[in-house]
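Chemist: Can you keep this structure in mind? I'll have questions shortly.
The values are calculated or read from the model by the stated rules, or taken from the named source; none is laboratory data. Predicted model, so just to flag it, every value in this text is computed and none were measured. Areas reflect the complete protein model, heavy atoms only, side chains present, ligands, DNA and RNA absent. Shrake-Rupley method; radii C 1.70, N 1.55, O 1.52, S 1.80 Å.
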Amino acid sequence: MRYPQELIRENSANLPEPVQKLLGSTAVIDAVIEIGKKYHLHLDAVNLLSEEMSLVLFGLERPQNFNPNIRKYLGLSEDVANLITYDINQQIFSKIRKELEELSQAQGLPASPRPEEQSSAPQVFVEKM
């Protein structure tokens, strides 16, 4: 892993509790495993995919680095990395985004703009669709 475990634990602990629960849920774990099976990834590659996803969610990696990182660390072609990025976005990141939006609404905070609505932010997941 590229980051110290202590830093990862600290950033993980700073996530809202509903997001922490969602990340540890069998639904997310099963989704990552199924995506790995779909693209014929070995178990170690599925683990690396999960780590890269977590690094983005913990704020240690920027979302626009997700696709290049999985290409690099998993040794994937651009086409396969694009498909995996799309699936991760649809099956996992979108659920977490929805959970965060619901949490902010429950707390009376304005919902942050979705990545596709942010004109200045990179739109890696939207572009990869």
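Chemist: Provide the per-residue ³J(HN,Hα) series for segment 17-22, in order, calculated from phi with Karplus coefficients 6.51, -1.76, 1.60 and θ = phi - 60°, each as a whole number of Hz, with x at glycine and proline positions.
Modeler: Per residue, the Karplus-derived 3J(HN,Hα) values read 4, x, 6, 4, 5, 5 Hz.
Chemist: Leaving out ligands and nucleic acids, and using a 1.4 Å probe, what accessible area per residue does segment 1-72 come to in Å²?
Modeler: With all protein chains present, segment 1-72 gives 59 Å² per residue.
Chemist: Below 15 Å, Cα to Cα, which aspartates and glutamates can Lys21 reach? Residues fewer than 8 away in the same chain don't count.
Modeler: Reachable aspartates and glutamates: Asp30, Glu99, Glu102.
Chemist: Return the sequence-ordered ³J(HN,Hα) values of segment 59-69 in whole Hz as given by the Karplus equation 6.51 cos²θ - 1.76 cosθ + 1.60 applied to θ = phi - 60°, using x for Gly and Pro.
Modeler: x, 8, 10, 6, x, 5, 8, 4, 4, x, 5
Chemist: Sequence-distant or interchain residues sharing an amide H contact under 5 Å with Glu61, placed H: which?
Modeler: Counting only residues 5 or more places away or on other chains, the set is Val56.
Chemist: Using a 1.4 angstrom probe on heavy atoms only, work out the carbon and sulfur share of the accessible area of segment 15-108 in %.
Modeler: Its accessible area is 52 percent carbon and sulfur atoms.
Chemist: Now for a different question. In whole Å, what are the Cα extents of segment 40-108 along the three principal axes, biggest one first?
Modeler: The Cα atoms of segment 40-108 stretch 43, 21, 21 Å along the principal axes, largest first.
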